[in-house]
Amino acid sequence: SIIKNDEESNFAKTSLVLSEEVRQSSVSGVYEVDVSIDSDGNEVTGVQLELSFDPKVLGKVDIKPGSFLSNPVIILKKIDTTGGKITYMLGNQLGNPGVKGQGTVAVISFSKTGDNETFIDFLPQTLVTAQGTDQSVLKETVSGVIGNLQSLEE
């Protein structure tokens with residue numbers, strides 16, 4: 001692993017992880033996967049998710065807020081189904097304190113064509129805002145592999 005000794009490592013503690021667990025939603029044929037957050041001491045006030053996916057494999061892609069930020073404001077939601085890109089910005093209600101800890105910041109839903117493995121990747125524009133700093137506190141992201149989902153349907 002890379003050890004960073006610059007100032008960034010002092011305040012950037014938050015990680016975003018695409019859950020390995022894909023679940024089937026009650027709506028037939030639609031799957032859901034969580035974008036999990038661990039703020040590790042950062043007081044998170046907002047998240048900008050930039051994600052890429054393969055539009056030939058994943059369809060009906062949608063994203064909604066998770067429970068990490070309570071009743072968040074959706075600042076921007078853009079899903080490019082042709083280019084395979086999700087831009088999703090959500091933030092705290094004005095005056096709400098930053099949120100620490102672990103939780104689900106967003107939930108991505110999709111349908112899948114074919115059995116081949118596909119990825120949902122975090123793009124470099126992904127960032128996390130927190131109280132007390134004007135820079136992103138995002139330390140690391142872990143992209144997700146969407147494997148063969150046949151087993152979920154049995």
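Which condition number in (1) over 17 Å from Pro124 (Cα atoms); (2) among the charged types (D, E, K, R); (3) open to solvent by 70 Å² or more (accessible area, probe 1.4 Å) is the one that Lys78 fails?
That leaves (1) as the condition not met.
From the set of residues in the range 124-142 that are among the polar types (S, T, N, Q) and out of contact with any helix residue (DSSP H, G or I) (no Cβ under 6 Å at 6 or more places or on another chain), which is least open to solvent (accessible area, probe 1.4 Å)? Let's see the steps before the verdict.
As a first pass, look at the range 124-142 and keep what is among the polar types (S, T, N, Q): 125-126, 129, 131, 133, 135-136, 141.
Then keep just the ones that are out of contact with any helix residue (DSSP H, G or I) (no Cβ under 6 Å at 6 or more places or on another chain); that gives 125-126, 129, 131, 135-136, 141.
Working: Gln125: 85, Thr126: 11, Thr129: 57, Gln131: 89, Gln135: 103, Ser136: 44, Thr141: 58 Å².
It comes out as Thr126.
Looking only at the range 46-66, decide whether some residue is open to solvent by 50 Å² or more (accessible area, probe 1.4 Å), part of a loop (DSSP other than H, G, I, E, B) and in contact (Cβ under 8 Å) with a residue 40 or more places away in the chain.
Yes: one or more hits.
Looking for whichever is among the acidic types (Asp, Glu), in a loop (DSSP other than H, G, I, E, B) and over 20 Å from Ser25 (Cα atoms) here; the options are Asp134, Asp121. Which one fits?
Selected residue: Asp134, the only one of Asp134, Asp121 that is among the acidic types (Asp, Glu), in a loop (DSSP other than H, G, I, E, B) and over 20 Å from Ser25 (Cα atoms).
Restricting attention to the range 14-32, and to residues there that are part of a loop (DSSP other than H, G, I, E, B) and either open to solvent by less than 80 Å² (accessible area, probe 1.4 Å) or of a type in the set (Gly, Ala, Ser) (or both), which single residue is modelled with the lowest pLDDT?
Checked the range 14-32; the qualifying residue modelled with the lowest pLDDT is Ser28.
Val35: under 16 Å from the mean Cα position of the chain (by Cα), closer than 24 Å to Glu21 by Cβ and either aromatic (Phe, Trp, Tyr) or crowded, with 18+ Cβ neighbours inside 10 Å (or both), yes or no? Before the answer, list the steps.
Details: under 16 Å from the mean Cα position of the chain (by Cα): yes; closer than 24 Å to Glu21 by Cβ: yes; either aromatic (Phe, Trp, Tyr) or crowded, with 18+ Cβ neighbours inside 10 Å (or both): yes.
Judged against the criteria, Val35 is a match.
When you look at Asp121, is it in contact with a Leu (Cβ under 7 Å, 6 or more places away or on another chain) and open to solvent by 30 Å² or more (accessible area, probe 1.4 Å), yes or no?
Values: in contact with a Leu (Cβ under 7 Å, 6 or more places away or on another chain): yes; open to solvent by 30 Å² or more (accessible area, probe 1.4 Å): yes.
So Asp121 fits the description; yes.
Among the residues of the range 83-108 satisfying the criterion of being modelled with pLDDT of 95 or more, open to solvent by 50 Å² or more (accessible area, probe 1.4 Å) and part of a loop (DSSP other than H, G, I, E, B), which is nearest to Asp38 (Cα to Cα)?
The residue in question is Lys100.
The values are calculated or read from the model by the stated rules, or taken from the named source; none is laboratory data. Since the structure is predicted, the reported quantities are computational estimates derived from the model, not experimental observations. Here Cβ is always computed from backbone atoms with ideal geometry, including for glycine, and neighbour counts include all displayed protein chains. We work out accessible area using only protein heavy atoms, side chains counted, and drop any ligands, DNA or RNA first. Shrake-Rupley method; radii C 1.70, N 1.55, O 1.52, S 1.80 Å.
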